[in-house]
Amino acid sequence: MDNLLLNVEDLKTHFFLDDGVVPAVDGVSFHLRKGETLAVVGESGSGKSITSLSIMRLVPAPPGRIVGGRITFAGEDLLAKSEKEMRDVRGNRISMIFQEPMTSLNPVYRVGDQIAESLVLHKRMKKKEALEQAVEMLRLTGIPSPEKRVRDFPHQMSGGMRQRVMIAMALCCQPELLIADEPTTALDVTIQAQILELMQELQRQMNTSIILITHDLAVVAEVADRAVVMYCGKVVEEAPVAELFENPLHPYTRGLLNSIPRLDENVDRLFMIDGVVPNMLRLPPGCAFAPRCPEAREHCRETAPRLTRVAPGRLVSCLLVEGGAA
Amino acid sequence: MLRYVIKRILLLIPVLLGISFFVFMVLHLFTTDPAALMLGQHATNEQVAALREELGLNDPVWVQFFRFLSDLVQGDFGRSLMTRAPVLDEIFSRFPATVELALAAIFIAAIVGITVGVVSAVKQYSVFDYFSMIGALLGVSMPIFWLGLMMIVLFSLKLHWLPVSGRIDIGMEPVHITGLYIMDSILTRDWESLKSALLHIIMPATALASYSMAIIARMTRSTMLEVIRQDYIRTARAKGLKETVVTYRHALRNALIPVITVIGLQMGVLMGGAVLTETVFSWPGIGSRLVDAILASDYPMVQGSIIFIATVFVVVNLVVDLLYAWLDPRIKYS
């Protein structure tokens with residue numbers, strides 16, 4: 001595949017707790033092309049955040065550890081890199097923004113200094129030059145009077161402003177890949193749209209690829225090219241976004257899509273997927289979704305499905321889908 | 001900010017008034033007759049009565065209190081019954097020794113305490129962590145006078161490394177500039193005096209530091225552990241910063257904010273004269289002078305020392321409060 005930027009193959013990140021081993025990420029595979037936006041969708045605890053931290057090699061260890069798989073970024077094997085080599089990648093070639101803009105900035109340093117820190121580190125800029133560049137980055141993210149705001153402390157800014165600062169910080173070294181972990185979840189809906197638009201705009205300018213981690217299907221529909229749906233540490237479905245919305249193959253994806261409230265239908269109760277996410281310490285032997293799946297058959301509870309290609313660009317892991325069986 | 005400072009200084013007035021009242025009353029109610037004390041045991045009852053009248057001791061208590069207070073405001077703390085010298089002169093001649101010891105102790109406590117706390121937090125549950133936390137537990141629970149005595153036994157009497165007591169070898173005192181021997185000997189490049197002063201201060205300062213050091217180490221460890229789990233630490237790592245930079249630039253500064261409170265409080269306590277340490281090591285500071293004064297029922301001296309110590313304590317605390325604004329920009333004074 002040409003212009004491939006990132007390839008994650010059979011990634012396994014497990015957490016070794018006193019009670020046992022939690023397979024937070026269990027054999028996840030996906031890829032990302034240059035300039036593309038890939039959404040990783042799933043409920044809390046589906047392993048999407050741990051997947052992104054694994055790419056950055058920032059999984060909290062102990063108890064977490066990457067126990068298997070391969071992550072290839074621009075032709076380089078990230079899992080084979082030393083810690084020092086990884087530091088040259090982080091914040092420089094791959095950067096990340098997080099869900100909580102309120103707590104993701106260091107409260108005791110001015111936002112300008114926090115942006116400049118990356119530039120001094122990776123671009124070998126002088127402090128003064130880096131601060132000027134920080135002002136430019138703030139201007140790019142649409143913060144009014146950036147030359148003043150650069151001297152603000154995080155607590156003097158609103159959540160939306162802080163997320164803009166996080167974006168400025170993440171993009172200041174012009175990374176090839178931006179991982180955005182629920183970047184709009186903590187923001188007001190109006191601000192959400194602005195932030196998403198900003199990310200898309202900057203993506204066009206800088207030709208950055210984006211992995212967008214979210215549980216919000218509305219956000220996926222808005223910005224992503226392709227989507228990967230995760231459940232219990234595994235990919236259950238992968239498809240171009242339009243096709244995913246039009247024709248979801250996995251019962252879990254259908255459940256997610258059905259649980260979006262609609263204005264054009266009058267219903268007494270909102271749809272929801274029955275049951276809860278299973279205990280990751282005691283996953284069922286078959287399909288992890290089987291206990292909650294309305295269509296599950298007997299063999300679903302015994303045999304674990306595998307992610308299988310069913311059409312060009314469409315992969316699904318379900319025994320009920322034709323060609324999707326193991 | 002300036003308004004806040006003025007407000008805080010004005011607030012000191014009722015605090016110090018309260019302290020003066022309390023000290024005055026306690027001493028008034030519980031000390032033996034000062035007139036009898038001043039005249040000695042061979043004085044007749046008539047002589048004592050005359051002196052009582054002269055000193056105004058027969059006036060109502062509140063009259064005496066306000067007389068005491070108005071003297072106090074004018075800087076008149078009375079005269080020591082033992083030495084007949086003005087109490088304030090006595091205090092000021094002793095204060096530099098106390099300040100020097102307190103600064104040395106806080107310096108040792110902060111440097112060692114913060115370092116141990118940070119390393120323990122970064123290497124949580126390591127052998128170093130266990131040993132240092134056991135050490136900290138010993139530090140808070142060991143009586144200071146016992147620790148001091150044991151140090152004297154070991155380092156002075158057995159090993160002969162360090163002098164037993166005092167501030168400096170006799171005749172070695174440096175030229176008086178600040179009254180702090182270490183400072184003065186550095187300023188005058190008097191290296192012999194500096195060596196003597198350092199050898200004398202190391203044991204009392206370490207003994208005095210032990211408690212604060214342990215408190216600071218435990219406090220630093222727990223706040224570091226908390227800070228290290230914060231989102232902005234993950235942000236710092238995601239930037240590609242080295243772990244040491246993450247720890248010291250991003251985590252430590254945040255973790256130090258509560259630690260500074262503790263250091264400030266300890267500073268206030270130590271500045272007021274470390275009574276036990278100064279006594280054990282015959283350190284010529286306010287603390288040991290206070291003990292002498294109590295033993296001799298020298299009530300003006302006791303009164304003056306306590307009020308002075310209390311004043312130092314509240315002023316140091318005020319300074320620490322103001323320091324926060326610099327450390328934590330989220331704090332706005334108004």
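The values are calculated or read from the model by the stated rules, or taken from the named source; none is laboratory data. As the structure is a computational prediction, the values presented were derived from the model and not from experiment. A quick note on method: Cβ atoms are made from the backbone with ideal geometry, for glycine too, and the neighbour counts reach across all protein chains shown.
Would you check which residues across the range A:247-300 are of a type in the set (Ser, Thr, Tyr) and part of a loop (DSSP other than H, G, I, E, B) and list them?
A:Ser259 - this is the single residue of the range A:247-300 that is of a type in the set (Ser, Thr, Tyr) and part of a loop (DSSP other than H, G, I, E, B).
Applying the criterion of being facing chain A (nearest Cβ under 10 Å) and surrounded by 21 or more Cβ atoms within 10 Å (Cβ to Cβ) to the residues of the range B:247-283, the residue that is farthest from the chain's Cα centre (by Cα) is B:His250. For the range A:45-72, filtered to residues that are at pLDDT below 90 and either among the charged types (D, E, K, R) or farther than 27 Å from A:Met280 by Cβ (or both), the residue that is surrounded by the most Cβ atoms within 10 Å (Cβ to Cβ) is A:Lys48.
Scanning the range A:136-157 for residues being crowded, with 17+ Cβ neighbours inside 10 Å, under 24 Å from B:Val245 (Cα atoms) and more than 10 Å from chain B (Cβ to nearest Cβ) gives a total of 2. Listed by first and then second residue, the pairs with beta-carbon distance under 9 Å, at least 6 apart or on different chains, first residue in the range A:44-73 and over 17 Å from B:Ala236 (Cα atoms), second among the hydroxyl-bearing types (Ser, Thr, Tyr) and surrounded by fewer than 22 Cβ atoms within 10 Å (Cβ to Cβ), are A:Gly69/A:Ser29. Residues in the range A:6-54 that are within 24 Å of A:Arg309 (Cα to Cα) and assigned to a helix (DSSP H, G or I): 3 in all. The lone criterion from (1) touching a His at 6+ places or on another chain (Cβ under 6 Å); (2) without any contact (Cβ under 8 Å) to a residue 60 or more places away in the chain left unmet by A:Tyr109 is number (1).
Given the structure, is B:Val164 closer than 14 Å to B:Trp283 by Cα, surrounded by fewer than 17 Cβ atoms within 10 Å (Cβ to Cβ) and not polar (S, T, N, Q)? So B:Val164 fits the description; yes.
Suppose we filter A:Val8, A:Val28 for residues that are touching a Leu at 6+ places or on another chain (Cβ under 7 Å) and closer than 22 Å to A:Glu238 by Cβ; which single one remains?
Details: A:Val8 fails: touching a Leu at 6+ places or on another chain (Cβ under 7 Å).
Every option except A:Val28 fails the conditions.
Is it the case that some residue within the range B:217-236 is basic (Lys, Arg), closer than 20 Å to B:Ala110 by Cα, surrounded by fewer than 20 Cβ atoms within 10 Å (Cβ to Cβ) and within 14 Å of chain A (Cβ to nearest Cβ)?
Checked against the condition, which is being basic (Lys, Arg), closer than 20 Å to B:Ala110 by Cα, surrounded by fewer than 20 Cβ atoms within 10 Å (Cβ to Cβ) and within 14 Å of chain A (Cβ to nearest Cβ), the range B:217-236 yields no hits at all.
If you go through the range A:46-69 and keep only what is closer than 23 Å to A:Gly35 by Cβ and more than 14 Å from chain B (Cβ to nearest Cβ), you end up with A:Lys48, A:Thr51. For the range B:121-142, what are the residues that are in contact (Cβ under 8 Å) with a residue 60 or more places away in the chain and outside any helix (DSSP H, G or I)? Across the range B:121-142, the qualifying residues are B:Gln124, B:Met142.
The set of residues in the range A:112-121 that are more than 7 Å from every other protein chain (Cβ to nearest Cβ) and touching a residue at least 24 places away in the same chain (Cβ under 8 Å) comprises A:Gly112, A:Gln114, A:Ile115, A:Leu119. Checked against the criterion of being in contact with a Pro (Cβ under 9 Å, 6 or more places away or on another chain), in contact (Cβ under 8 Å) with a residue 24 or more places away in the chain and over 28 Å from A:Gln192 (Cα atoms), the range A:21-37 has at least one qualifying residue. For the range A:70-110, taking the residues that are at the interface with chain B (Cβ under 10 Å from one of its Cβ atoms) and among the charged types (D, E, K, R), the one that is nearest to the chain's Cα centre (by Cα) is identified as A:Glu100.
Among A:Ser145, A:Ser118, which is out of contact with any helix residue (DSSP H, G or I) (no Cβ under 8 Å at 6 or more places or on another chain) and of a type in the set (S, T, N, Q)?
Numbers: A:Ser118 fails: out of contact with any helix residue (DSSP H, G or I) (no Cβ under 8 Å at 6 or more places or on another chain).
Sole residue among the options that is out of contact with any helix residue (DSSP H, G or I) (no Cβ under 8 Å at 6 or more places or on another chain) and of a type in the set (S, T, N, Q): A:Ser145.
Of all the residues in the range B:170-189, those that are surrounded by fewer than 16 Cβ atoms within 10 Å (Cβ to Cβ), part of a loop (DSSP other than H, G, I, E, B) and without any contact (Cβ under 8 Å) to a residue 24 or more places away in the chain number 7. Filtered by the rule that a residue be under 22 Å from A:Ile195 (Cβ atoms) and either facing another protein chain (nearest Cβ under 10 Å) or among the β-branched types (Val, Ile, Thr) (or both), the range A:122-135 gives a lone residue, A:Val135. Put simply, of A:Ala193, A:Ala186 the only residue that is over 23 Å from A:His31 (Cβ atoms) and assigned to a loop (DSSP other than H, G, I, E, B) is A:Ala186.
So that you can scan it fast, the table gives a plain yes or no per residue for (1) under 30 Å from B:Ala35 (Cα atoms); (2) at pLDDT below 90:
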{"residue": "B:Leu225", "(1), (2)": "no, no"}
{"residue": "B:Lys242", "(1), (2)": "no, yes"}
{"residue": "B:Ile257", "(1), (2)": "no, yes"}
{"residue": "B:Thr261", "(1), (2)": "no, yes"}
{"residue": "B:Leu295", "(1), (2)": "yes, yes"}
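Within the range A:188-201, the residues that satisfy the criterion of being surrounded by fewer than 21 Cβ atoms within 10 Å (Cβ to Cβ) and either closer than 22 Å to A:Ser44 by Cβ or not small (Gly, Ala, Ser) (or both) are A:Asp188, A:Val189, A:Thr190, A:Ile191, A:Gln192, A:Gln194, A:Leu196, A:Glu197, A:Leu198, A:Gln200, A:Glu201.
Can you tell me which residue is nearest to B:Ile286 (Cα to Cα) among those in the range B:74-86 that are exposed (fewer than 12 other Cβ atoms within 10 Å of the Cβ) and either over 24 Å from the mean Cα position of the chain (by Cα) or at pLDDT 85 or above (or both)?
B:Arg84
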